[in-house]
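First up is the structure itself, then whatever we jot down about it.
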Amino acid sequence: MKKWQSTLIGPEASLEEAIATLDRVALRIVMVIDAERRLLGTLTDGDVRRALLKHLPLDIQAREVMCTTPRTAARDWSKERILADMEKYQLLQLPVVDQDGRVIGLETLHDLLHKRHRNNPVFLMAGGFGTRLRPLTHNCPKPLLKVGEKPILELILESFINAGFHRFFISTHYMPEMIREHFGDGSRWGVSIRYVHEEEPLGTGGALGLLPHEEIDLPLFMMNGDLLTNLNFQNLLEFHQDHSGVATMCVREYEHCVPYGVIQSEGHRIRSMVEKPVHRFFINAGIYLLSPELVKSVAPGTRVDMPTLLEHEIAAGKDVNMFPVHEYWLDIGRMEDFQRAQQEFGDL
């Protein structure tokens with residue numbers, strides 16, 4: 001079966017099923033079809049993120065959140081015409097349909113163009129002690145712990161390299177020589193890796209002050225070195241570019257279920273009762289895209305964590321945007337997370 005055929009779902013499929021299909025097939029689009037394979041609509045990463053921002057339930061049907069008027073291409077369209085249509089309407093994918101509206105293919109901008117070389121710098125944070133993973137981290141920094149056959153940090157590095165990035169900085173503190181010895185200058189991967197070392201922990205935001213500010217000329221990716229994700233970094237970059245702001249923070253939806261009936265009262269009178277309510281929040285996913293101006297605003301030696309730094313920007317009236325992550329994401333902070341990563345790694 002051709003890969004695009006795996007993007008086909010029915011209109012009754014849930015938003016959760018659509019997200020699973022997006023993550024599994026990695027073509028950044030789901031095509032919603034009827035029983036005759038006629039195209040009814042499409043769901044892209046953008047549609048999913050808008051639904052998540054509205055806190056729509058994951059069991060809502062695809063027909064309720066899909067784009068019902070997608071652009072399409074005909075079987076006889078040339079590559080040039082398809083590219084022109086994509087450029088005109090700023091599309092990343094274009095379903096191909098026959099004269100009866102049945103889906104017969106999918107064209108993607110990624111396949112039509114050569115992979116772009118992306119010059120945005122990438123800053124990977126690898127200085128933590130990993131205290132919650134002891135004794136594994138007694139003689140090994142957490143980013144070098146292996147998931148499958150490779151260290152966590154190497155998996156992160158390769159995910160950026162596969163997306164076209166080549167300018168890397170790594171922040172070190174705990175056992176820095178082991179990290180430097182493993183990654184070297186990056187020539188093993190055909191990229192550039194440089195290091196900034198924190199003599200004393202400065203916090204995730206403070207580490208920005210150690211970068212060569214004169215070289216930060218494009219939005220900078222910043223990511224904790226203990227995360228596993230198949231986030232599409234191009235999607236994040238496009239979102240950041242489309243929304244004016246000094247920073248974009250990736251967020252993850254987190255659910256908390258109160259295991260009791262919750263009482264709303266006024267004085268001694270009960271006004272309402274809700275049995276085991278579920279509260280949904282967005283949590284920090286540890287991945288950022290920062291404007292050069294924000295990076296350069298952090299002076300060397302500053303001690304500050306990223307949330308505090310971004311709160312200062314918000315208080316100053318600057319725009320800080322959030323980007324919901326629906327793709328696979330795992331923060332390897334505890335032993336059970338590390339064990340889970342070993343089990344799930346093969347499915348990434």
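The values are calculated or read from the model by the stated rules, or taken from the named source; none is laboratory data. Here the structure is a predicted model, which means the values were calculated and not measured. With ideal geometry, Cβ positions are generated from the backbone for all residues, glycine too; neighbour counts draw on all protein chains shown. The protein model used for the area step is the full one, side chains on, heavy atoms only, and it has no ligands, DNA or RNA in it. Shrake-Rupley method; radii C 1.70, N 1.55, O 1.52, S 1.80 Å.
Within segment 276-313, the set of residues being aromatic (F, W, Y) and at pLDDT below 95 comprises F281, F282. R303 falls short on exactly one of the conditions (1) in contact with a Gly (Cβ under 6 Å, 6 or more places away or on another chain); (2) open to solvent by less than 80 Å² (accessible area, probe 1.4 Å); (3) within 24 Å of G128 (Cα to Cα), and that condition is (2).
Taking the criterion of being within 14 Å of V103 (Cβ to Cβ), small (G, A, S) and in contact (Cβ under 8 Å) with a residue 40 or more places away in the chain, the only residue of segment 4-21 that qualifies is G10. For segment 313-348, residues that are over 30 Å from K150 (Cα atoms) and surrounded by 14 or more Cβ atoms within 10 Å (Cβ to Cβ) total 5.
Just name the residue that is nearest to A163 (Cα to Cα) out of those in segment 47-58 that are surrounded by fewer than 19 Cβ atoms within 10 Å (Cβ to Cβ) and not charged (D, E, K, R). It comes out as L53. When residues in segment 25-46 are screened for being surrounded by 20 or more Cβ atoms within 10 Å (Cβ to Cβ) and part of a helix (DSSP H, G or I), 1 of them pass.
Pairs linking a residue in segment 270-281 that is over 13 Å from V258 (Cα atoms) to a residue that is small (G, A, S) and in a strand (DSSP E or B), with Cβ atoms under 7 Å and 6 or more positions apart or on different chains, are R271/S265. When segment 199-223 is filtered for residues that are crowded, with 18+ Cβ neighbours inside 10 Å, more than 12 Å from the chain's Cα centre (by Cα) and not in a helix (DSSP H, G or I), the ones remaining, listed by number, are L202, L211, I216, P219, L220.
Let's see how each residue does on (1) within 23 Å of A26 (Cβ to Cβ); (2) of a type in the set (S, T, Y); (3) touching a Pro at 6+ places or on another chain (Cβ under 7 Å):
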position	(1), (2), (3)
M178	no, no, yes
V191	yes, no, no
E198	no, no, no
P212	no, no, no
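Each residue in segment 158-198 was checked for being open to solvent by less than 60 Å² (accessible area, probe 1.4 Å), over 22 Å from the mean Cα position of the chain (by Cα), farther than 21 Å from P307 by Cα and among the polar types (S, T, N, Q), and 1 of them qualify. Only a single item in (1) open to solvent by 40 Å² or more (accessible area, probe 1.4 Å); (2) closer than 23 Å to H55 by Cα is not met by G286, and it is number (1). Would you be able to say whether some residue in segment 299-317 is touching a helix residue (DSSP H, G or I) at 6+ places or on another chain (Cβ under 7 Å), outside any strand (DSSP E or B) and among the hydroxyl-bearing types (S, T, Y)? So far as segment 299-317 goes, yes, one or more of its residues are touching a helix residue (DSSP H, G or I) at 6+ places or on another chain (Cβ under 7 Å), outside any strand (DSSP E or B) and among the hydroxyl-bearing types (S, T, Y). Here G101 fulfils each of the conditions (1) closer than 22 Å to T229 by Cα; (2) small (G, A, S); (3) touching a residue at least 12 places away in the same chain (Cβ under 8 Å); (4) surrounded by fewer than 19 Cβ atoms within 10 Å (Cβ to Cβ) apart from (1). Within segment 240-263, which residues are open to solvent by less than 100 Å² (accessible area, probe 1.4 Å), in a strand (DSSP E or B) and over 25 Å from S291 (Cβ atoms)? Those that are open to solvent by less than 100 Å² (accessible area, probe 1.4 Å), in a strand (DSSP E or B) and over 25 Å from S291 (Cβ atoms): E253, E255, H256, C257, G261, V262, I263. Residues that are more than 29 Å from L227 (Cβ to Cβ) and aromatic (F, W, Y) within segment 256-296 comprise just one, Y260.
Filtering segment 224-236 to residues that are over 24 Å from L145 (Cα atoms) and open to solvent by less than 10 Å² (accessible area, probe 1.4 Å) leaves only L236.
Considering segment 74-94, and only residues there that are part of a loop (DSSP other than H, G, I, E, B) and farther than 23 Å from L22 by Cα, the residue that is most open to solvent (accessible area, probe 1.4 Å) turns out to be R75.
If you go through segment 143-157 and pick out every residue that is open to solvent by 10 Å² or more (accessible area, probe 1.4 Å), part of a helix (DSSP H, G or I) and either over 14 Å from F183 (Cβ atoms) or in contact (Cβ under 8 Å) with a residue 60 or more places away in the chain (or both), you end up with 1.
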